[in-house]
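Trainee: Please see the structure below; I have some questions.
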Amino acid sequence: MLPFSISSLGRRPKLELSELQVVLNVLPQAALLVDLSSRRLLLSNAKANETFQLEPDALTSIPLDRLFPSWAEKGNEKLEFIEFRGLNGRSGYARVTVSPLNSGSSRALVTIEELDDIDSPTSENERLNKFWDNLYNLANAAYNAELETALHLALEAGRDLLGVNILAVYRADESQPGLELCASIGPVEFFPRYLPPQDLTSLRRPHLWQQDMRTLSSLHRTARMNRLSFLATAPLGHSKAAVGLVAISDLEKPPFKDILSLTRGLAGTLTIILQNHMKIRSLGDQLQVSASRLAIHDAFESRVQEGLIVLSKSLSTLRINRAAETMLGYSNDEVLGQPIDRILIASQSILPALQQVHAEEKSLTVDDARVFRRSGEEFLAQIQIVPIMQDDKLSRIVIIIRDLSEQEQIREHAQQLEQRATLGEVTAVFAHEVRNPINNISTGLQLMAMNLPEDDPSQKTIERLMQDCDRLEELMKSVLSFAKPTEYVMEPVDLGLMLSRLLDRYHQRIQRANVDYKLQVDEGVPTIMGNQKALEQVFSNFITNAVQAMAENGGHLALKVQVLHPEDPHRPGGKVTQSLERRPYVEVSVADNGPGIPQENLDRIFMPFFSTKGGAGSGLGLAIAKRIVTAHRGTIKVTSFPGGTVFQVRLPVPDRELKSMNEA
């Protein structure tokens, strides 16, 4: 028998497809008869039908590219390692041989030898690419800030690199000795939650355990109990300072040759992750401490009353605090990098003092320095220069400026108070001594009037002199009242009721002056602690002054009692004591529509012996009123304009009333 050749099929004329089908069925490998011009299937043998799940009756409806997606790229030639796809979704790689039946025919025999995936160059490339991807993922896991996420990513990459399905990471437990399971892949029951400290000692070096070996640790005993074929472990950290452990195994596969080396590589990455996390946590703790210190520093620097200027070693300005900004008139941004002699200008240059501190590295204080603000205004200050040392070397220089202008004002005010106290004592003695001669003169005038006839012309002169004596007597009483401060006995006072009774007392006098009046007392006005007689003297003075101001043309007098709170947006302006700022107060307003007080007199009306009534008044009424209100921890404010004057007295609400108001 002559040997059979594929090429001889093309030399036989009028060879039918049925004859070719018989030949294809003889071939041991999968074979197809195709039309290369139309890329259509013509025939297939049983092996090809099995490989591609073909139906012979429907071959001509299936294009060649459907079975071999890359046929068009390869061309009609020997196609080794080409991908194929069956109609049922099965895919793989095959060595394909294309043999035209003859040179003039478009028909060709295609034989297919299916290959295992491991023999495919494409699969090998994919595995190589996957290896590098997993290696990259393993290295990149160390950059994740979250410890749990970083460990999980590293274990996933290690699983794919090593081809195992059981991995666990243990780390040193901060709360107790031993190791704690912190990340794992695979069944949880294969890993104890805790490992005793001796396990880390037993496994301080990379170790591969198998079923035929004795157990060295509780981890090995767990592996034997779960019938794991092997357990590879490697410590995390250094051999003398281990911080954890990595364990690797698989449910089915035995250990491969380089399992221990790759486990050590994975342990190195996991060590970096744990060390990075510890560094990040340590840096986070340090950052919190630094942020806390900075917040305290900023709070102290912003609230301290002294001006602070921070200088570099070259005496250029690095920073000033808010107090220094207020004192000197410069903002922090303006002074940045400026020489100190352009910012801190004094009547006497401080550069020699700064140079001395720079050279000797000792603090220096300049007392009673005259410092100029940006506006040119001068103020008294104490300047303290302090060197800041770091590692026994000069790092910064801090200038502390203490504004003494307020202390100077306090000292001057104290001197004035001392002088006024002395003057008060002298005035009191003087008034007491003068009252006796006045009484003697008044008595003598009365005797003279009794001894002269009633129609004697001297009677009018005597009467006028006696009126002057009475006026001097009242003036001396006022002087004594002003010169000797009184210790008032405080008791609850209802201001609304007190003012109502006071107006009833002055009713006839107010009507004679053709003045109508109105008192308005808001609801819920609490009582205040005060001396009723002293407060009656205050408001009697206001009412009398208002009636006298409106006596010529008549007018209206209005009194209002109300409670105001510090946060009240309608709260009237004016200087209020610090104690009043923190609590509600009762305000009494006394308003009239008289001619008003000239603006040039407003700042003087509370001064002793100042009067706008000519010789009709002593000039002590408002001064005494202010002293009484001050003794009650209150304030007086006056507002005046042509056509009206308003006096406002503010008195604090006592603690017991404040508690009742808060409960209400």
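Please treat every number below as a calculation from the coordinates, not as lab data. It should be emphasised that the depicted structure is a prediction, and the values quoted were computed from it without experimental measurement. Please note: Cβ atoms are built from the backbone with ideal geometry, for glycine as well, and neighbour counts cover all protein chains shown.
Trainee: Is the range 125-281 rounded, prolate or oblate when judged by the Cα gyration tensor, a ≥ b ≥ c being the square roots of its eigenvalues, rounded requiring a/c under 1.5 and prolate requiring a/b larger than b/c?
Mentor: Because a/c hits 1.5 or more and a/b fails to exceed b/c, the range 125-281 counts as oblate.
Trainee: For a label point 7 angstrom out from the Cα of Ala359 toward its Cβ, which stretches of the range 376-398 have the backbone nitrogen within less than 15 Å?
Mentor: Nothing falls inside the zone, counting backbone N under 15 Å.
Trainee: What is the gain in length, in nm to one decimal, between Ser500 and Arg66 on full extension, counting 0.36 nm per residue of separation less the C-alpha to C-alpha distance? Spell out each step's value before the answer.
Mentor: Values: separation 434, 0.36 × 434 = 156.24 nm, distance 11.09 nm.
Between Ser500 and Arg66, full extension yields 145.2 nm more.
Trainee: Among the trypsin sites (Lys or Arg not before Pro) in the range 160-228, which ones are in a DSSP loop with at most 10 other Cβ atoms within 10 Å of the Cβ? Mind listing them?
Mentor: Arg193, Arg214, Arg227
Trainee: Let me ask you something else. What is the distance, in nm, between label points placed 7 Å from the Cα along the Cα-to-Cβ direction at Ser37 and at Met389?
Mentor: 10.4
Trainee: So which trypsin sites (Lys or Arg not before Pro) in the range 301-368 are both in a DSSP loop and have at most 11 other Cβ atoms within 10 Å of their Cβ? Please report the intermediate quantities before stating the final value.
Mentor: Numbers: sites: Arg303, Lys313, Arg319, Arg322, Arg342, Lys362; in loops: Lys313, Lys362.
Here the sparse-neighbourhood loop sites are Lys362.
Trainee: Roughly how far apart, in whole Å, are the Cα centres of the range 517-534 and the range 216-248?
Mentor: The range 517-534 and the range 216-248 have Cα centres spaced 87 Å from each other.
Trainee: For the range 242-326, what does the relative contact order come out to in percent, with C-alpha contacts under 8 Å and a separation of six or more?
Mentor: Over the range 242-326, the number comes to 17 percent.
Trainee: The range 162-251: which GluC sites (Glu not before Pro) are DSSP loop and have at most 11 other beta-carbon atoms within 10 angstrom?
Mentor: Glu174
Trainee: In addition: So if each residue of separation counts as 0.36 nm, and I subtract the Cα-Cα distance between Gln599 and Gln467, what length gain in nm does that give? Spell out each step's value before the answer.
Mentor: On the way: separation 132, 0.36 × 132 = 47.52 nm, distance 3.34 nm.
Once the chain is fully extended between Gln599 and Gln467, it gains 44.2 nm.
Trainee: Rounded, prolate or oblate for the range 307-392? Axes are the square roots of the Cα gyration tensor eigenvalues, ordered a ≥ b ≥ c, and the cut-off for rounded is a/c under 1.5.
Mentor: It comes out oblate by the Cα gyration axes.
Trainee: Note down the nm distance, to one decimal, between modelled labels 7 Å out along Cα→Cβ at Ser347 and at Gln562.
Mentor: Once both label points are built, they end up 5.0 nm from each other.
Trainee: Can you classify the range 252-345 as rounded, prolate or oblate using the Cα gyration tensor, where a ≥ b ≥ c are the square roots of its eigenvalues, rounded means a/c under 1.5, and otherwise it's prolate if a/b beats b/c and oblate if not? List each step's numbers first, then the result.
Mentor: Values: a/c = 7.20, a/b = 3.68, b/c = 1.96.
Judged from the Cα gyration tensor, the range 252-345 comes out prolate (a/c at least 1.5, a/b above b/c).
Trainee: Contour minus end-to-end for Asn165 and Tyr143, with contour as 0.36 nm per residue of separation and end-to-end as the Cα-Cα distance?
Mentor: Contour length minus Cα-Cα distance gives 5.5 nm.
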